[in-house]
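**Q** I am attaching a structure below and will ask some questions about it afterwards.
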Amino acid sequence: VQLQASGGGLVQAGGSLSLSCAASGGTFSNYGMGWFRQAPGKEREFVAGTSKSGSRTYYTDSVKGRFTISRDNAKNTVSLEMNMLKPEDTAVYLCAASTSGVVSASTTVYTYWGQGTQVTVSS
């Protein structure tokens, strides 16, 4: 399974960005999917996750009400819509696939990882 994340960039505080992750080489609809982020010198942090069907979504508290995760199983993609961005959202954002279908804030649940896309929010 290969995951390719895209959509990062530089935005001013209060702005918006949309990230996308395209999966190939597996049965996407069987995977729980997650978005994580990692800032320099910090541990990788769970941002959002979605169940196999997309009917359930999960968010870390700091992004609730600002970020929305969604997936399109017909297109093998998972997206992260980010609004009201803050400088503390600056990080490399990575998508990850859980072949067990479980969605968790723990990185150990995820089998495959994308390469990441940089999001920089200026103040």
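**Q** Give me the tail of P(r) for the chain as a percent: Cα-Cα pairs with distance above 17 Å.
**A** Summing the P(r) tail past 17 Å for the chain gives 50 percent.
**Q** Whole number in Å², please: accessible area per residue of the chain, 1.4 Å probe, ligands, DNA and RNA not counted.
**A** 49
**Q** For the full complex of protein chains and a 1.4 angstrom probe, list Arg37, Arg44 by accessible area with the highest value first.
**A** My answer, sorted largest first, is Arg44, Arg37.
**Q** For the chain, how many pairs of lysine residues have a Cα-Cα distance under 26 Å, where the two are 8 or more positions apart or belong to different chains?
**A** Lysine pair count for the chain: 6.
**Q** How large is log10 of I(q)/I(0) for segment 7-48 at q = 0.15, 0.16 Å⁻¹ when the intensity is taken from the Debye formula with one equal scatterer per alpha-carbon?
**A** Each listed q maps to, in turn, -0.57, -0.63.
**Q** Then there is this: In whole percent, and with a 1.4 Å probe on the protein chains, what portion of the accessible area of the chain is carbon and sulfur?
**A** Heavy-atom surface of the chain belonging to carbon and sulfur, 1.4 Å probe: 47 percent.
The values are calculated or read from the model by the stated rules, or taken from the named source; none is laboratory data. This structure is a prediction, so every number in the text was calculated from the model and none was measured. What goes into the accessible areas is simple: the full protein's heavy atoms, side chains included, and nothing from ligands, DNA or RNA. Shrake-Rupley method; radii C 1.70, N 1.55, O 1.52, S 1.80 Å.
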